[in-house]
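Notes follow once the structure below has been shown.
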Amino acid sequence: MKKFRFLFAMLVMVTALGFTACNDDEEDTDVREQAIGNYSITTTLYVEDEGKLVSFASELSELAEALGEKLDENDFKITGTASVSKDGSNKLLVNFDGDKFLLNNIREASNGFVFDVEATTVDDVHFTNYSGYHLEGETKTYGGGYIASNKKLEFYIYSTMEEVLDASLDEETEDALAELLVAAGYTEEEAKEDAKQKVVFEFTLTKK
């Protein structure tokens, strides 16, 4: 009987240690590891219209036509290269040609992980996390996510139309644009409303 009790006690100890080891392994797993590396990147611009994302070119096509211009969606896409590295205890740093974005609040998801994007200022434009990323089968949205199966990282940020234009155009160009808009029948009230619109930047990174 004593021998039986001894063996039983040993079995309990081994089982307990086994569970402890498994838990330690889980704690040591860093989901960020799978995303570290170099990427090709495409940035696409959208405007939020009644809660939906519409391509920048499409949203402004009517206005452009009134000004005698024709917009192409490719005019609002930026391509290049980017690197992704760890930052701090639970963040990733995306470096896109010197512009840096911090991905935070990283949490594991099916076949990868999801995250938010820290607010930042790039070229005098203030950007904020935009929940535009969907996981298949979920209704909840996130600032971004990484899918391990296709080695693709995607995230969204936004600013306002007013801030983007203020940073992009000098005073002389702004005045000239304002005159053209008036000539095209664009009212001051419409301009104020459009200035509040969210301009959303979608970053799609594919691992090299």
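Taking the longest Cα principal axis of the chain as reference, the axis of helix 171-183 is set at about 70 degrees.
With unit charges on the beta carbon (Lys/Arg positive, Asp/Glu negative), name the residue among Asn105, Tyr133, Ala191 whose Cα is farthest towards the positive pole of the charge dipole of the chain. Going by the Cα projections, it comes out as Asn105. Helix 2-28 and the longest principal axis of the Cα set of the chain meet at an angle near 20°.
The modelled label-to-label distance between Val54 and Thr81, using points 7 Å beyond Cα along the C-beta direction, is 3.8 nm. Could you sort out which of Lys91/Lys198; Lys52/Lys198; Lys140/Lys196; Lys52/Lys140; Lys52/Lys152 sit more than 21 Å apart by Cα distance in this structure? Check vs 21 Å cut-off fails for Lys91/Lys198; Lys140/Lys196; Lys52/Lys152.
Computed from the coordinates by the stated procedures, all read-outs in this text should not be read as laboratory data. Given the structure is predicted, the values throughout are model-derived calculations rather than measurements. Cβ sites come from the backbone with ideal geometry, for glycine too, and all protein chains shown count toward neighbours.
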